[in-house]
1. In what order, largest first, do MET1, MET42 sit by accessible area if the probe radius is 1.4 Å?
2. When a/c reaches 1.5 or more, the comparison of a/b and b/c decides; with that in mind, is region 1-92 rounded, prolate or oblate per its Cα gyration tensor?
3. Excluding CYS88 itself, calculate the net charge of residues whose Cβ lies under 12 Å from the Cβ of CYS88, where each Lys or Arg counts +1 and each Asp or Glu counts -1.
4. What residues of region 1-25 lie in the reach of a label at LEU119, counting those whose backbone N is under 14 Å from a point 7 Å from the Cα along Cα→Cβ?
5. Please list ASP86, ASP113, ASP124 from largest to smallest accessible area, probe radius 1.4 Å, with all protein chains kept in place.
Amino acid sequence: MIILDTSAVVALAQGRQALHRLVDNIAHTPGDWLHVPALCLMQAESIEKGTAGDVIALPGILVDPLHQTAAATVGAMIRDGWGRPDICHTLYVATPHIETGGMSIILTGRESDYPPGILTVDIDSPGMLGFH
């Protein structure tokens, strides 16, 4: 599963070419989605007006809700110092669950926001997920 955090959502809305190519490829792959934690979408909209609408209008984007189990877990993560609400929601979504299976990839412009052992890919890295 590929997850876009707040910085990746903002970059996508600003027209980052590699991210748009990724969205296009995902849209043409049946059953694949780019996951956006709801709190990342909220934070991105608070940073730049119109970001949320621009991103959710794209094909292949799935917003992961903050349901009751996620809310309790994310709240505990924030309390325990794992980071801001959007970072903790991203970490929650990235954690393997029965329905999602294995390791997730977090696309981010802020790899330092995540603890060691979390698979992150910098959106500015050359060849990000094979896109140049």
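1. On the way: MET1 60, MET42 105 Å².
So, going from the largest accessible area down, we get MET42, MET1.
2. Numbers: a/c = 2.29, a/b = 1.59, b/c = 1.44.
Because a/c hits 1.5 or more and a/b exceeds b/c, region 1-92 counts as prolate.
3. Values: positive: ARG79, ARG84; negative: ASP5, ASP80, ASP86, ASP113.
Summing Lys/Arg as +1 and Asp/Glu as -1 gives -2.
4. 1-4
5. Numbers: ASP86 5, ASP113 35, ASP124 100 Å².
Sorted descending by solvent-accessible area, the residues read ASP124, ASP113, ASP86.
The values are calculated or read from the model by the stated rules, or taken from the named source; none is laboratory data. Quantities reported herein were computed from a predicted structural model and do not represent experimental measurements. Please note: Cβ atoms are built from the backbone with ideal geometry, for glycine as well, and neighbour counts cover all protein chains shown. Accessible surface areas use protein heavy atoms only, side chains included; no ligands, DNA or RNA. Shrake-Rupley method; radii C 1.70, N 1.55, O 1.52, S 1.80 Å.
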